[in-house]
Every structure is written in structure tokens, then in C-alpha cells.
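Shown next, in C-alpha cells, is the structure this report addresses.
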Amino acid sequence: MLSGMLRASPERLARDLGVLAKDIGVRLAGTAGERAAADYIIERAREIGAETREESFPVQSRVVSEERLEILVDGTWLPFPCSLFSNTPGTDGAWRTAGIAVMAPTDYQRDDLEHLRGKAVIHLGCHIESRQSYQRLMAAGPAFLLMVDTRYPGATPLADGMFPAYTAAIGAVPTLNVAHQDAWHWVRQRATEARCRIVGGMSAGTSQNIVINLSGTEARDEVLYVGAHHDTQAASPGADDNASGVVGVLELARLLHGRRRRRTIRIISFGAEEQLSVGSAAYVRRHRRDVSAGGRLMYNLDSYGSALGWLQLHVNGHPDFEASFRPHFLAANLYYQTMTSVVPYADHFPFAASGVAATFHHRVNCNAGRFFHHRPDDDVSQVSAEVMARDVSVVATWLDGVATSDRLPFTPGIPEPDRPAIAACWQDLFGGWDA
């Protein structure tokens with residue numbers, strides 16, 4: 001390792017992880033679980049002696065007491081597990097029954113989608129990444145949607161959500177995530193009808209961003225942002241996604257708090273990331289002028305603790321931005337894949353949309369991502385405190401160097417050729433600056 005490497009503590013990381021993922025557990029946006037996580041973060045930050053504040057914002061909270069799905073196979077109604085998407089409605093406790101239709105991504109090439117009207121639509125793919133496509137689907141009038149995450153062909157339904165900017169502007173129908181293998185067997189067995197019953201749905205709630213400020217001196221208006229998120233998906237304790245990130249930023253605060261620095265380091269634990277970075281988007285909208293003018297980087301830790309796997313860094317910035325941290329990783333014998341495509345599914349993205357160089361630090365264990373993605377088995381047994389400590393040590397050392405250097409060691413901002421794709425994604429998926 002480089003001389004002077006700051007050392008994260010696996011023991012502290014494991015302790016904080018246990019509180020978030022075991023003692024608190026599921027932390028859905030706007031619920032008591034998310035609130036408990038925020039309170040724990042505040043308590044630990046103030047224990048360190050760091051300046052800490054909370055910024056609240058409105059969300060739609062997923063509050064469901066019952067969700068049932070049955071499929072008619074050979075004249076018999078059979079029950080199957082399911083998970084209501086966030087930002088979609090329930091059925092007010094009534095059964096909703098419809099004939100089955102199957103929709104593949106290529107079906108959006110059709111001139112119209114009228115064949116889906118009144119149907120229970122088995123939708124291959126859990127993300128509809130086009131406002132126009134989503135609008136066409138809703139205009140077709142399906143009875144409800146059965147979303148199949150084609151990345152993970154398993155027997156367990158994942159949890160997920162519809163983009164809140166889409167549902168707020170266009171509306172929604174009850175939307176359930178179902179297991180890939182269940183959908184496969186329904187089609188193979190020529191199932192004809194589906195029915196669902198959901199008690200509960202979405203309710204107005206409040207989420208929060210927890211801001212930990214480590215002030216700089218001569219260049220205090222230049223801000224190095226560091227992020228993670230403390231909420232989870234439904235039924236998931238979120239040990240890796242993303243208690244790993246939260247305990248990582250808390251450890252960064254411990255390692256960096258007492259050190260003199262020229263630039264400010266602002267650590268933020270965001271709420272409601274699982275609804276498409278609602279907390280991060282709320283932060284940059286609220287502080288747009290300061291973020292755009294003073295933000296020098298955003299480094300986001302999300303789901304990087306998997307015991308087995310490899311590291312991916314999604315980087316949006318000039319080439320010398322990535323070059324500024326690569327030597328620190330190599331000195332620790334830590335290697336990673338550099339990804340430069342636009343990825344809107346993490347809290348770094350709204351900062352990139354603000355013109356700030358941004359990185360998403362992520363560890364995968366299969367080609368699709370992580371096999372326990374958004375599932376109940378994303379628990380502490382899947383996560384390695386040693387892996388997290390190794391990564392946090394490198395990030396802390398690099399951040400310390402950037403914060404103390406006389407001259408910023410990279411070109412700030414987003415390269416001109418990359419800006420149109422980022423801006424288009426920000427407008428379509430997030431609703432832009434006026435959402």
C-alpha cells in the first residue's frame with residue numbers, strides 16, 4: 001500500500017452493518033425503518049464530532065399489508081409470490097382478474113398496443129427506460145402488470161419500483177414483480193388468466209438526506225461530495241444494498257474528520273434511492289447553484305461488500321479524474337473495471353447531471369450484477385467487512401489527498417461530448433430540473 005494509507009476498521013464496519021441490516025432491517029423510503037437508519041447515522045456522526053444536519057423531502061411510501069397473486073392453470077387457481085412495485089397502486093383489497101398477455105421489449109415497435117387493453121401483462125424486463133414507451137403502455141389500458149426481471153432467471157421475485165417521474169406525470173396500474181421461472185412455467189403451461197389482490201399501496205410520506213460536513217479552510221467553497229443511501233427495497237434487509245455504503249461513509253467520516261484540509265468534504269446518506277435516487281435528486285435541485293459552482297467530485301459507494309466478486313467503477317468525468325484515483329487502488333493491489341456509460345441507477349447520477357465529475361463504486365458477483373439483488377437474502381452473511389475496509393481505506397486516502405492538495409489533481413466537470421446523453425436521461429427518467 002502507499003505510504004500513509006489511512007486504514008478503515010473491519011470491526012467498526014461490521015458493527016454498524018449489524019445495526020442497520022439486522023437490528024433495523026428493512027428500510028423502505030418514508031417508513032419507520034428508514035427513519036431509524038437516519039437516526040443511527042446522525043448519532044454516529046455526532047459521536048465523531050462532525051457537523052451534521054438533516055434535510056427532509058416528500059416521497060410516496062410503499063405501505064402494503066397483503067399482496068396476493070393467483071394464476072389459472074388447467075382450470076385451477078394457483079398462488080404465486082409477488083412484490084408490488086413502489087410508486088404503483090394497490091387494488092383497495094379487491095381481487096382484479098384479467099386474461100394474460102405477454103409483452104417483450106420488441107413489442108414496443110408495434111404501431112399500437114391495443115391488444116393489451118384489460119389484460120394482465122407479463123412484461124419481460126423490469127425497467128421501462130423511455131417515457132414515450134411507458135406512456136404508450138399506460139394508454140393501452142392494461143388491468144395490471146406482472147414484471148419479469150430478465151437479468152435474474154431465478155425462482156424468487158425481486159423487489160423494484162416504477163420511476164416516480166413517470167407515474168406522477170402519466171399514472172400507473174398495479175404492478176407486481178414476479179419470479180422469472182414462474183412466468184416461464186405459466187407460458188409453458190398455457191395459463192389463461194391472472195388475478196391479484198393488494199391491500200395497501202402508496203402513501204404520502206417523508207424521507208431524509210443526512211449531511212455530514214467536514215469543512216475546509218482556504219478552498220472551503222470547493223466541495224468533494226461522498227454519498228451512499230440508507231433505504232432498501234421491500235422485504236430486503238439491504239446489507240450490501242446499501243448498508244455497505246452507509247457504513248463506508250461513516251468510516252470515511254471517522255478517518256477524515258480530524259484532519260486539516262483545504263477543500264470541504266460533504267458526506268451525504270441519501271433517502272429513497274431505491275425509488276430512482278429521489279433523495280439525491282432532491283438534494284441537487286435544492287442546492288443546484290452551489291453544487292454546480294462548487295462541486296468538484298461526487299464519489300458514491302453502493303453495494304460494494306459482496307464476499308465474492310469484482311469491482312466496477314462507473315466514472316463520468318475527464319480522463320484525468322479517473323487517473324487521479326487509479327494509482328491508489330493499484331498500490332493496494334486492487335483492480336477494477338472502468339465503465340464510462342451513463343448509469344442513472346445510483347446517487348452519483350444527479351450530480352453528473354449538475355455537471356460534477358462523478359463515480360459509482362460497485363462490486364458485482366455475476367454478469368447481471370449481484371445474485372441477491374433486491375432480495376430477502378441480501379443479509380449480513382453475504383457481505384465481507386474485510387472487503388469493505390480495503391475499499392474504504394483506498395477511497396479515504398485518495399479523498400484526503402484531493403482535499404489537501406494545493407491544486408485540484410484533475411479537470412473538474414463533465415466532458416462536453418458526454419453532456420447531451422446525461423441531460424437527456426435526466427430529463428426523461430427524472431423529469432429534469434422542474435420536477
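The values are calculated or read from the model by the stated rules, or taken from the named source; none is laboratory data. Keep in mind it's a predicted model, so treat the numbers as computed, not measured. All Cβ positions, even for glycine, are placed from backbone atoms using ideal geometry, and neighbour counts span all protein chains on display. Heads up: the accessible areas ignore ligands, DNA and RNA and are worked out on the full protein's heavy atoms, side chains in. Shrake-Rupley method; radii C 1.70, N 1.55, O 1.52, S 1.80 Å.
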Matching helices (runs of 4 or more DSSP H) fully within the stretch 347-435 where at least 1 residues are in contact with a Gly (Cβ under 6 Å, 6 or more places away or on another chain), β-branched (Val, Ile, Thr) and farther than 13 Å from Asn316 by Cβ: 385-404
Hits in the stretch 420-429 - residues which are out of contact with any strand residue (DSSP E or B) (no Cβ under 8 Å at 6 or more places or on another chain) and in contact (Cβ under 8 Å) with a residue 24 or more places away in the chain: Ala421, Ala423, Cys425, Trp426, Asp428, Leu429
Filtered residue count, the stretch 213-253, keeping only those that are under 20 Å from the mean Cα position of the chain (by Cα), hydrophobic (A, V, I, L, M, F, W, C) and either on the phi > 0 side of the Ramachandran plot or in a strand (DSSP E or B) (or both): 3
Test set (1) closer than 19 Å to Trp184 by Cα; (2) out of contact with any Cys (no Cβ under 9 Å at 6 or more places or on another chain); (3) open to solvent by less than 20 Å² (accessible area, probe 1.4 Å) - Leu69 fails condition number: (2)
Members of the stretch 93-112 found to be without any contact (Cβ under 8 Å) to a residue 60 or more places away in the chain and more than 28 Å from the chain's Cα centre (by Cα), listed by number: Ala101, Gln109, Arg110, Asp111, Asp112
Hey, Glu47 in a helix (DSSP H, G or I), surrounded by fewer than 17 Cβ atoms within 10 Å (Cβ to Cβ), in contact (Cβ under 8 Å) with a residue 12 or more places away in the chain and out of contact with any strand residue (DSSP E or B) (no Cβ under 6 Å at 6 or more places or on another chain) or not: no
Residues that are among the β-branched types (Val, Ile, Thr) and under 20 Å from Ser277 (Cα atoms), drawn from the stretch 400-435: Ile414, Ile422
Flag if Val59 is among the aliphatic types (A, V, I, L, M), within 18 Å of the chain's Cα centre (by Cα) and either closer than 12 Å to Val246 by Cα or buried (at least 18 other Cβ atoms within 10 Å of the Cβ) (or both): yes
Residue check for Ala94: hydrophobic (A, V, I, L, M, F, W, C) and either part of a loop (DSSP other than H, G, I, E, B) or over 27 Å from Ala235 (Cβ atoms) (or both): yes
Residue among Thr411, Thr404 that is surrounded by fewer than 16 Cβ atoms within 10 Å (Cβ to Cβ), out of contact with any His (no Cβ under 7 Å at 6 or more places or on another chain) and touching a residue at least 24 places away in the same chain (Cβ under 8 Å): Thr404
Residue tally, condition more than 30 Å from Gln60 (Cα to Cα), in a strand (DSSP E or B) and without any contact (Cβ under 8 Å) to a residue 24 or more places away in the chain, over the stretch 73-91: 2
Single residue of Arg259, Arg220, Arg254, Arg263 found to be among the basic types (Lys, Arg) and crowded, with 24+ Cβ neighbours inside 10 Å: Arg263
Residue that is most open to solvent (accessible area, probe 1.4 Å) [pool: residues in the stretch 294-319 that are of a type in the set (A, V, I, L, M, F, W, C) and free of Cβ contacts under 8 Å to residues at least 60 places away in the same chain]: Leu308
Condition met for Phe329 (in contact with an Asp or Glu (Cβ under 8 Å, 6 or more places away or on another chain) and touching a residue at least 60 places away in the same chain (Cβ under 8 Å)): no
